[in-house]
Amino acid sequence: MSEEQQIADYCEKGRAHWPDEPVTPLKSASVQCQMEETFYEHYLRYFQNAEEKRRWNVDTDIPWAAAEGNASELVVSIIESFCAVESFLPDYTSKIMALIRKSKGRALFQANWGYEESKHSLALERWLIASGKRTEDEMEDFERSLLGAEWKLPFETPRQMICYTMIQELATGLNYTNLRKLVHENGEGDPCLDKALRWLSSDESAHYNFFRKGVKTYMALDPEGTIADIKYVFDNFAMPAHALIPEWEKRGAEIEASGIYGPKMYLAKIRKPVLEDLNISRTQLKEAGLPSHEIDEVADRAETKAEQAKQALYPRITSLPAIPVAASRVQKNHVVRLFFGSPISGNPAFYIKWNIKNSRKRQVNFIVPLIFKRN
Ligand SMILES: [Fe+2]
Ligand SMILES: [Fe+2]
């Protein structure tokens, strides 16, 4: 894969699909100490990865000259709404930092997080102006309208807040991803907006991944308390700053009507996937007091996935059709090469390509479909 493809793939998917590193508890340390050790490790990996692969420059990594004015007022209003949410960053950073200051890993992450988030409102605001949809004066007026409000921590403890930020980052990433799809499908996008939204989605995905690993660390070391906090946070969850932004009722309705984000999307794409991802057992979900229909849905899916993963480890029996006649005549000095990969779709392990040199040194190819059976 070329570097450009890798970056595109990375921007598209983020790293939320990356496998988790196992948490290895220290035998001779307190639970708190183990958590701190793990958080710091997570931060170092996060930072290294961000430095090597994910840094982007607001000025040079977005093609500002390609900003066009073909977005509808609805899309522009939604982008302005997202910009407003991002603009409460001074409150997010200062208040969360004060809460988790004593954790080195989390505090360093929070500093880095603040830097990355600061680029989001800059990029959105700059697109609004570069596309000609808003003037600098209009943006200044809009920002002034937000200054009277102050965001407060929605939860009190560091563990509840990491549960909150995990959910919120996944939801924010989904908002940007769906907005990008919407403008693309409606032909309202431009290369500048597309690139900006890809960078933002990629950052949000990385933030979600750090927080989910943090929640998993808490889960590994104190499952009961963590599950109780997850339930409490879900029961009281709201996206940040919405109540502080003028006319949010109208803005939220626009976002929901356009299919970008809303209560149904939250349940299907955030709440259930998060519960599944955390590998909480059916019994633990019951003990935490989640609604029974949700427990069944989440636990059934998690159990099915676990069963499929187990099945994938079983040895496979591969049945080959009868070897073509010419292949059965292969002599000792002939070369037989096996190629895995479909010649049609590039999908691996569906065909074997027999590449045989016959006695006259001519190359003979056979493409043989494979049938996989599981025990
Ligand atoms: Fe952001
Ligand atoms: Fe974020």
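So Arg282 passes all but one of these: (1) surrounded by fewer than 17 Cβ atoms within 10 Å (Cβ to Cβ); (2) farther than 30 Å from Trp127 by Cβ; (3) in contact with a Leu (Cβ under 9 Å, 6 or more places away or on another chain). Which condition number does it fail?
Status for Arg282: all satisfied but (3).
For segment 46-97, give me each residue that is assigned to a loop (DSSP other than H, G, I, E, B), within 16 Å of ligand 2 (Cβ to nearest atom) and either surrounded by fewer than 17 Cβ atoms within 10 Å (Cβ to Cβ) or not assigned by TED's automatic domain parsing to the domain that holds Glu249 (or both). Let's see the steps before the verdict.
Step one: filter segment 46-97 for residues assigned to a loop (DSSP other than H, G, I, E, B), giving 55-63, 67-72, 87-88.
The next check asks that each one be within 16 Å of ligand 2 (Cβ to nearest atom); those that pass are 55-56, 58, 87-88.
Answer for segment 46-97, where residues must be assigned to a loop (DSSP other than H, G, I, E, B), within 16 Å of ligand 2 (Cβ to nearest atom) and either surrounded by fewer than 17 Cβ atoms within 10 Å (Cβ to Cβ) or not assigned by TED's automatic domain parsing to the domain that holds Glu249 (or both): Arg55, Val58.
Just checking, does segment 147-159 include any residue being free of Cβ contacts under 8 Å to residues at least 40 places away in the same chain, surrounded by fewer than 20 Cβ atoms within 10 Å (Cβ to Cβ) and part of a helix (DSSP H, G or I)?
no
Given Leu122, Leu200, Leu174, which one is in a helix (DSSP H, G or I), touching a residue at least 60 places away in the same chain (Cβ under 8 Å) and surrounded by fewer than 18 Cβ atoms within 10 Å (Cβ to Cβ)? Explain how you work it out, then say what you get.
Details: Leu200 fails: surrounded by fewer than 18 Cβ atoms within 10 Å (Cβ to Cβ); Leu174 fails: surrounded by fewer than 18 Cβ atoms within 10 Å (Cβ to Cβ).
Criteria check complete, one pass: Leu122.
Out of everything in segment 253-266 that is touching a helix residue (DSSP H, G or I) at 6+ places or on another chain (Cβ under 9 Å), free of Cβ contacts under 8 Å to residues at least 12 places away in the same chain and not basic (Lys, Arg), what residue ends up being farthest from Val215 (Cα to Cα)?
Step by step, filter segment 253-266, then rank; the result is Ala257.
Filter segment 74-119 for residues that are more than 14 Å from ligand 1 (Cβ to nearest atom) and free of Cβ contacts under 8 Å to residues at least 12 places away in the same chain; which is farthest from Arg251 (Cα to Cα)? It would help to see each step written out before you state the result.
Of all residues in segment 74-119, those more than 14 Å from ligand 1 (Cβ to nearest atom) come to 74-78, 80, 94-95, 97-109, 111.
Still in the list and also free of Cβ contacts under 8 Å to residues at least 12 places away in the same chain: 94, 98, 101-102, 107.
Numbers: Ser94: 26, Ala98: 31, Arg101: 34, Lys102: 37, Ala107: 33 Å.
Going through the qualifying residues, I end up with Lys102.
State yes or no: is Lys231 free of Cβ contacts under 8 Å to residues at least 60 places away in the same chain, over 16 Å from Ile260 (Cα atoms) and in a helix (DSSP H, G or I)?
On the way: free of Cβ contacts under 8 Å to residues at least 60 places away in the same chain: yes; over 16 Å from Ile260 (Cα atoms): yes; in a helix (DSSP H, G or I): yes.
Judged against the criteria, Lys231 is a match.
So which residues in segment 259-297 are part of a helix (DSSP H, G or I), over 17 Å from Asp229 (Cβ atoms) and β-branched (Val, Ile, Thr)?
Scanning segment 259-297 gives Thr283, Ile295.
Glu247 passes all but one of (1) away from ligand 1 (no atom under 16 Å from the Cβ); (2) touching a residue at least 40 places away in the same chain (Cβ under 8 Å); which number fails?
Unmet for Glu247, out of (1) away from ligand 1 (no atom under 16 Å from the Cβ); (2) touching a residue at least 40 places away in the same chain (Cβ under 8 Å): (2).
Filter segment 203-216 down to residues that are of a type outside the set (D, E, K, R) and within 10 Å of ligand 2 (Cβ to nearest atom), then give me how many there are.
Here the count works out to 6.
State all residues of segment 147-163 that are out of contact with any Lys or Arg (no Cβ under 8 Å at 6 or more places or on another chain) and among the β-branched types (Val, Ile, Thr); if no residue qualifies, say none. Steps first, please.
From segment 147-163, those out of contact with any Lys or Arg (no Cβ under 8 Å at 6 or more places or on another chain) are 147-150, 154-157, 159-161, 163; that's our starting set.
Correct list: Thr157 only.
Being touching a residue at least 40 places away in the same chain (Cβ under 8 Å) and surrounded by fewer than 19 Cβ atoms within 10 Å (Cβ to Cβ) narrows it down to one of Glu188, Glu138, Glu169, so name that one.
Glu188
The values are calculated or read from the model by the stated rules, or taken from the named source; none is laboratory data. Because the structure is a prediction, the values reported are computed rather than measured. Cβ coordinates were reconstructed from backbone atoms using ideal geometry, including for glycine residues, and neighbour counts include every protein chain displayed.
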